[in-house]
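The values are calculated or read from the model by the stated rules, or taken from the named source; none is laboratory data. On a predicted model such as this, the values are computed, not experimentally measured, just so you know. So basically every Cβ, Gly included, is an ideal-geometry build from the backbone, and we count neighbours across all protein chains shown. Please note that ligands, DNA and RNA were not included when accessible areas were found on the heavy atoms of the full protein model with its side chains. Shrake-Rupley method; radii C 1.70, N 1.55, O 1.52, S 1.80 Å.
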2 protein chains.
Amino acid sequence: MNKKLRQEAIVRIVETETISSQKSLRKALMEKGLSVTQATLSRDLKELGVIKTVDDEGGYKYAFRENRRAPFFRSCEVSGNLLVVRTDAGMAPAVAYRIDEMGLAGVLGTVAGEDTLLAVVADGHDARQVRRELGVRGGGPGWRRNR
Amino acid sequence: MNKKLRQEAIVRIVETETISSQKSLRKALMEKGLSVTQATLSRDLKELGVIKTVDDEGGYKYAFRENRRAPFFRSCEVSGNLLVVRTDAGMAPAVAYRIDEMGLAGVLGTVAGEDTLLAVVADGHDARQVRRELGVRGGGPGWRRNR
DNA sequence: AGGGAGAATGCAATTTTATACACAATTCGC
DNA sequence: GCGAATTGTGTATAAAATTGCATTCTCCCT
């Protein structure tokens with residue numbers, strides 16, 4: 001059975017090339033020596049969770065449904081009673097705002113620069129616990145939870 | 001123009017109902033008194049970032065691109081040599097940053113509050129022209145360009 | 001007011017995608 | 001190993017989505 005093999009190839013192609021139709025995906029697979037019909041591709045794409053999105057130039061492009069990395073968030077480290085959150089450039093204030101908005105017990109306040117923000121945790125609270133509550137593992141305020 | 005109205009209705013429908021074709025979406029809009037052709041829906045869905053995914057039961061279903069909270073942008077008005085940009089709560093600094101980053105000729109600088117930012121346009125430049133260059137009609141810094 | 005640029009939209013044709021049906025291949029329980 | 005059930009795939013076709021072109025609508029400027 002080469003279904004597995006074929007789908008792996010599809011994953012690779014979708015990740016690396018700009019493909020926007022099953023017909024051209026089929027051609028790409030042909031070039032790799034994999035022969036398959038369009039109908040099967042329709043089923044494969046459904047199974048693999050490949051969707052048709054819009055790329056930066058406004059054209060259509062296949063992509064995977066789930067999002068690898070959350071939008072703005074880069075990292076979140078604990079140092080003493082501080083949380084040091086790194087974000088995409090310019091996004092720190094937005095993320096800080098969201099954190100404030102959450103009104104987490106133990107967060108005294110936040111200060112945001114351009115791509116970094118500090119959240120000050122009150123004495124008597126555990127910064128690690130706060131980080132956990134932020135849900136950094138799976139998402140958080142300014143970024144979406146993956147499922 | 002009821003494009004805005006229509007697209008808002010589409011958002012509501014996509015969020016609350018299980019729709020899997022433009023034809024049935026069209027029907028749903030009809031019931032709300034909004035008349036539109038399938039071709040326009042195709043364009044709307046592309047613009048709104050609606051994708052076709054697979055739901056829990058294995059059927060197709062429209063949904064929003066994971067990443068879609070991107071459009072922080074709410075509106076952009078011109079007043080004299082100022083652009084007044086409204087954004088989602090807390091997002092103004094992020095959008096201002098993106099605008100700065102674009103380095104548009106004629107933009108002297110930006111000041112961001114919480115959900116509003118001002119971009120100051122230099123004398124001798126046309127604020128409307130700047131707005132056009134921002135691509136506000138079809139996208140912009142913190143939101144996706146479509147066309 | 002009048003004109004023009006760009007946006008929005010419909011229509012029709014085309015392209016792309018999904019699926020019903022038939023059959024082959026594989027897996028499973030005995 | 002054998003038949004039954006499940007899974008995989010192609011073919012043909014139906015269904016759905018996209019797009020070129022023409023037209024209309026909206027602003028904005030003079």
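Label the stretch B:71-134 by shape, choosing from rounded, prolate and oblate, from the square roots a ≥ b ≥ c of the eigenvalues of the Cα gyration tensor; if a/c is under 1.5 it is rounded, and otherwise prolate applies when a/b is larger than b/c, oblate when it is not.
prolate
Using a label point 7 Å beyond Cα on the Cα-Cβ vector, give me the inter-copy distances for A:ARG12 in nanometres, one decimal, shortest first.
4.9
Using only the alpha-carbon atoms, how far is helix A:92-102 inclined from the longest principal axis of chain A? Give it as 0 to 90 degrees, nearest 10.
Roughly 70 degrees, rounded to the nearest 10.
Tell me the accessible surface of A:MET102 in square angstrom (1.4 angstrom probe, heavy atoms of protein chains only), to the nearest ten.
Here the accessible area works out near 80 Å².
Please say if the stretch A:9-119 is rounded, prolate or oblate, where rounded means a/c under 1.5 for a ≥ b ≥ c the square roots of the C-alpha gyration tensor eigenvalues, and otherwise the choice is prolate for a/b larger than b/c and oblate otherwise?
Working: a/c = 3.63, a/b = 3.33, b/c = 1.09.
It is prolate, given that a/c is not under 1.5 and a/b is the larger ratio.
From the C-alpha coordinates alone, can you work out the Kirkwood hydrodynamic radius of the protein assembly as shown, in Å?
Its Kirkwood hydrodynamic radius stands at 21.7 Å.
Please give the solvent-accessible surface of B:THR16 in Å², to the nearest 10, using a probe radius of 1.4 Å with every protein chain present.
Probe radius 1.4 Å; accessible area of B:THR16 about 110 Å².
Which whole-Hz ³J(HN,Hα) couplings does the stretch A:7-16 yield from phi under the Karplus relation 6.51 cos²θ - 1.76 cosθ + 1.60, θ = phi - 60°, glycine and proline marked x?
Running phi through 6.51 cos²θ - 1.76 cosθ + 1.60 with θ = phi - 60° gives 5, 5, 5, 4, 4, 4, 5, 5, 6, 9 Hz.
Mind putting a number on the dipole of chain A about its Cα centre? Charges go on the C-beta only, +1 for Lys and Arg and -1 for Asp and Glu, and I need it in Debye to the nearest 20.
1040 debye
At 7 Å along Cα-to-Cβ for each site, give me the label-to-label distance between B:GLU15 and B:TYR60 in nm.
Going from the B:GLU15 label point to the B:TYR60 one covers 2.4 nm.
Among the lysines, which have Cα under 16 Å from the Cα of B:LYS32 when same-chain residues fewer than 8 positions away are ignored?
Within reach: B:LYS3, B:LYS4, B:LYS23.
Distances from B:ASP123 to the same residue in each other copy, label points 7 Å out along Cα→Cβ, in nm, shortest first?
Copy-to-copy label distances at B:ASP123, shortest first: 5.6 nm.
Report, for B:GLU101, each distance to the same residue's label point in the other copies, shortest first and in nm; define the point 7 Å along Cα→Cβ.
For B:GLU101, the other copies' label points sit at 1.9 nm, shortest first.
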